[in-house]
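Undergrad: Please see the structure below; I have some questions.
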Amino acid sequence: MSKCLYILDSDDEQPLLPDNVIVVVWSQYALSTNEQYFSIPALIQQQDEALKKRLLAWLYELGEVSIVNKRIVDHLVIRPGFSYWWMTTLTGKHYAVSNVFYNTLRLFVLEQIILDVAPKKIIFQSADKQVSCVIQDYSQRANISFKWVKNKQKNAVARSWYQKLYHLLPYPLQSLVVGMHYIWQRRGARPNKQNEHTADITFVDYLAHLGPQAQESGVFSSNYWTSLVDLLKQNHIKTNWLHHYVTNGSVSSAKAGLALISRFNTTAAGLEQHRLMDAVLDFKIIGQVFLDYCKLAAQSIRLKKIARSFIPSQSNLDLWPLFKAEWQQSLRGPSVILNCFMLNVLEKNMRQLPQQTLGFYLQENLSWEMAFIYAWKKYGHGQLIGIVHATIRYWDLRYFYDPRCYERSIRNNLPLPDKVIVNGDLSLQMHVKGKYPIDALLQMEALRFLYLAKFLETKKNNNLVLRNEGRKRILILGDFVPVYSIQMLDWIAEVEKDCPSSFEYFYKPHPLCSVDTKKYPFITIVSGVLVDLLHNADLVFASNVTCAAVDAYCAGLPVVQLLSGKTMNMSPLYGLRGVYFATSALVLKNIFYSGLQSSFPDITSIFYYDNNLSKWASLFALQLMPSKKDRRGIEKKLLEEK
């Protein structure tokens, strides 16, 4: 009897199938000992290292494809020595922007299953047209019968009439709308006249996550930099601060951000000079943005032949249907106009900035950072250091490249800082496994997580464990992606329905994501500083993405994370012991009832801690000391832990 491969992309129960049918679940972690059953998400976890290397290698090779005797990287040169290729969503690999990379991994696994099973027929039940096209094309190449059973689209994001109209527009008109919105948001954000400032050290960050009293007092403090700001002041080190404005709850507009920055400068006593990155916007920049956009859009037309290059080596999968919209959006869509604004705005900022010897920026490998690195080096500033300020998730592909990208022997290279600061052994190991140049890594205290050492000591002294009497207090940490927050709350609702009044639920929404909680009357909405909320919790239920799960884990609380097979496992706690993953509401309920106890992990194995910031102090001493002998001695001390 000929074999049939039935690929099920649905949360519905599996239909009854004949014995000759082999089932492949596309989006569930369901496990089975049946040899006729495969879970794609589970197989990805089993083969994670090999699959990640393969995906990164293919993306590198895609940029090296030659069309009309030029690499794609070289076709997309937008400034001498700087290729726009490094600002596209294909090289950015942001998990929140697109699911194409996860679908690519799933297709890699599926191809191997097909080769092993050798089916005569494939049935794909899903709502995903692009993936269906890839599998259908593969089946035709392999002389396998194919059938697509189209599901109805579930959980589709509701769009207003003007959003629907916007998405009907061609990419150039969408870009025009987004560009005008960008300019409108920054209206009135004209910089005040800057005082003379002799600082030659610059920090670049976001005008967000400010300290609790920053807006009230007008004195700059930041949850990104925490105690480092005080260390700089205590040592009378003058600094420049360039803030990237992003829409957030604490700073309502670019104009409000500029007013706040003016207050920071007034209270800084000459030690700090704050600037708003977007405040340099003018008509000349707008004109240049238009020219840059037209140049890239024209190149996208010239590179039509790239459609033939989306078949990875040693594979028969043609991934073009999956990446077609991604490629077009990367070179003609709204993200292009925003990237062009960032490039030109950063060029002007770096041109106006006095000569700097040292620069720091928050490293997440976003597109604007590539433009910033280019502009910093273009205008001859000194050493540039990227700071990995949070945790690195295993599947956060932004932080990983094929090792060949780190070679400096060719033109239009991947923009890299001179050094990268890692904040703990976990981050260090991720970089080393990813083949990042070891000599470029520096180890510094984890600024954002310094408070955890004191918090954990308080918990140990108070001997806080889960209560045996009364209801357990469950803190739910919302995500910035609405669909994840809604799924978490829906699962909690199912648990509450089965076990009413068994637990107390407290929900902390993400500051950048509001969810209607009216249909969850049993949940109490909370706000405030996370550390205070952790003090009153017995257990934390978090999304698969949020770094707040790390805070809870290091604070000694049991952590349960939502794990959906619809996306990559983006947990920052991936691979650590004592972390629980819920793949359904039933699994979540069982975990809640399993009697989890608090633990006290060795947080020094995750982050570097020292409230005196000895490593940071040594770094600034190294940069500021005139004696070469002293500089070499401190540099040796900084690197001895590698």
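Undergrad: List, in order, the whole-Hz ³J(HN,Hα) value for each residue of the stretch 82-99 obtained from phi through the Karplus relation with A = 6.51, B = -1.76, C = 1.60 and θ = phi - 60°; use x for Gly and Pro.
TA: Each residue of the stretch 82-99 in turn: 10, 9, 5, 3, 6, 9, 6, 5, 5, 8, x, 6, 7, 5, 7, 8, 8, 9 Hz.
Undergrad: Which pairs, out of Lys3/Lys566; Lys255/Lys348; Lys53/Lys150; Lys238/Lys348; Lys70/Lys93; Lys70/Lys121, put more than 30 Å between their alpha-carbon atoms?
TA: Lys53/Lys150; Lys70/Lys121
Undergrad: To make sure I understand the rule: partners must be aspartates and glutamates, Cα under 16 Å from the Cα of Lys120, and not fewer than 8 residues away in the same chain. Which ones qualify?
TA: By straight Cα distance, Lys120 reaches Asp19, Glu111, Asp137.
Undergrad: Let me ask something else about it. How big is D for the stretch 259-362, in µm² s⁻¹ as a whole number, if Stokes-Einstein is applied with the Kirkwood radius of its Cα pairs at 25 °C and 0.890 mPa s?
TA: For these conditions, the coefficient is 142 µm²/s.
Undergrad: OK, next. Quote the relative contact order of the stretch 210-268 in percent (integer), defining contacts as alpha-carbon pairs under 8 Å separated by 6+ residues.
TA: Once normalised by length, the contact order is 36 percent.
Undergrad: Give the distance, in whole Å, between the Cα centre of the stretch 487-510 and the Cα centre of the stretch 381-454.
TA: After rounding, the separation between the Cα centres reads 38 Å.
Undergrad: Need the list of aspartates and glutamates near Lys284 for cross-linking: C-alpha distance under 13 angstrom, and skip anything on the same chain fewer than eight residues off.
TA: Cα-Cα hits under 13 Å: Asp292, Glu347.
Undergrad: So for the chain, what are the equivalent ellipsoid semi-axes in whole Å, largest first, each being the square root of 5 times an eigenvalue of the Cα gyration tensor?
TA: 40, 34, 24
Undergrad: With a probe of 1.4 Å, find how much accessible area the chain has per residue, and write the answer as a whole number in Å².
TA: 46
Undergrad: Counting only protein chains, not ligands or nucleic acids, how are Ser618, Ser262 ordered by accessible area (probe 1.4 Å), most first?
TA: Reading off the accessible areas and sorting them downward yields Ser262, Ser618.
Undergrad: Tabulate in residue order the Karplus-calculated ³J(HN,Hα) for the stretch 604-612, using 6.51 cos²θ - 1.76 cosθ + 1.60 with θ = phi - 60°, rounded to whole Hz; enter x for Gly and Pro.
TA: With coefficients 6.51, -1.76 and 1.60, one gets 5, 7, 10, 10, 8, 10, 5, 5, 7 Hz.
Undergrad: Another question about this same structure. Residue separation times 0.36 nm, minus the C-alpha to C-alpha distance between Asp19 and Leu586: what's the value?
TA: 201.3 nm
Undergrad: What base-10 log of the normalised intensity I(q)/I(0) is obtained for the stretch 511-605 from the Debye formula, alpha carbons as equal point scatterers, at q = 0.15, 0.18 Å⁻¹?
TA: For the stretch 511-605, the Cα-only Debye profile gives -0.66, -0.96.
Undergrad: Quick one: work out the % antiparallel among DSSP beta bridges in the chain, nearest 5.
TA: 5
Undergrad: Right, here's the next one. Note the full-extension length gain between Gln213 and Ala256 as 0.36 nm times their separation in residues minus their Cα-Cα distance, in nm to one decimal.
TA: Length gained between Gln213 and Ala256: 13.8 nm.
Undergrad: Straight-line reach from Lys435: which aspartates and glutamates have Cα under 14 Å away, leaving out those fewer than 8 places along the same chain?
TA: Leaving aside aspartates and glutamates fewer than 8 places away in the same chain, those within reach of Lys435 are Glu49, Asp402, Glu407.
Undergrad: Tally Lys/Arg at +1 and Asp/Glu at -1 over every other residue whose Cβ is under 10 Å from the Cβ of Lys121; what's the total?
TA: Local net charge: +3.
Undergrad: Ignoring ligands, DNA and RNA, please state the percent of accessible area on the stretch 230-304 from carbon and sulfur, probe 1.4 Å.
TA: 61
Undergrad: Taking only DSSP H segments of four or more residues, each worth -39500 (n - 2.57), what value at 222 nm results for the chain once the sum is divided by all its residues, to the nearest 500 deg cm²/dmol?
TA: Result for the chain: -12000 deg cm²/dmol, rounded to the nearest 500.
Undergrad: Name the residues whose placed amide hydrogens come within less than 5 Å of the amide hydrogen of Val149, ignoring near sequence neighbours (fewer than 5 apart) on the same chain.
TA: Long-range HN contacts for Val149: Phe124, Gln125, Ser126.
Undergrad: Could you give each residue of the stretch 292-307 its phi-based ³J(HN,Hα) in whole Hz, using Karplus coefficients 6.51, -1.76, 1.60 with θ = phi - 60°, and x for Gly or Pro?
TA: Taking θ as phi minus 60°, the curve returns 4, 4, 4, 4, 5, 4, 5, 5, 4, 6, 5, 9, 4, 5, 4, 4 Hz for the stretch 292-307.
Undergrad: Further question: If you take the alpha carbon radius of gyration of the stretch 1-97 and divide it by 2.2 N^0.38 Å, what ratio comes out, to two decimals?
TA: The value comes to 1.62.
Undergrad: At a probe size of 1.4 Å, how large is the accessible area of Ile476, to the nearest 10 Å²?
TA: The accessible area comes out at roughly 0 Å².
Undergrad: For Glu64, Glu494, Glu326, give me the order by solvent-accessible area with a 1.4 Å probe, most accessible first, ignoring ligands, DNA and RNA.
TA: Most to least solvent-accessible, the answer reads Glu494, Glu64, Glu326.
Undergrad: Let me ask something additional. If I model a spin label as a point 7 Å beyond the Cα along the Cα-Cβ vector, how far apart are those points for Gln355 and Ile301 in nm?
TA: Rounded to a tenth, the inter-label distance reads 4.5 nm.
Undergrad: Between Tyr37 and Lys518, 0.36 nm times their residue separation minus their Cα-Cα distance comes to what?
TA: Result: 169.2 nm gained on full extension.
Undergrad: For the stretch 277-435, what is the Kirkwood hydrodynamic radius in Å, using each pair of distinct C-alpha atoms?
TA: 18.1
Undergrad: Further, regarding this structure: Keeping all protein chains in position, work out how much accessible area Arg141 exposes to a 1.4 Å probe, and write it in Å² to the nearest 10.
TA: We get 120 Å² for Arg141.
The values are calculated or read from the model by the stated rules, or taken from the named source; none is laboratory data. Predicted model only: the values in this text are computed from it and were never measured. Neighbour counts run over all protein chains shown; Cβ positions are idealised from the backbone, glycine included. The area values use the complete protein model at the heavy-atom level, side chains included, leaving out ligands, DNA and RNA. Shrake-Rupley method; radii C 1.70, N 1.55, O 1.52, S 1.80 Å.
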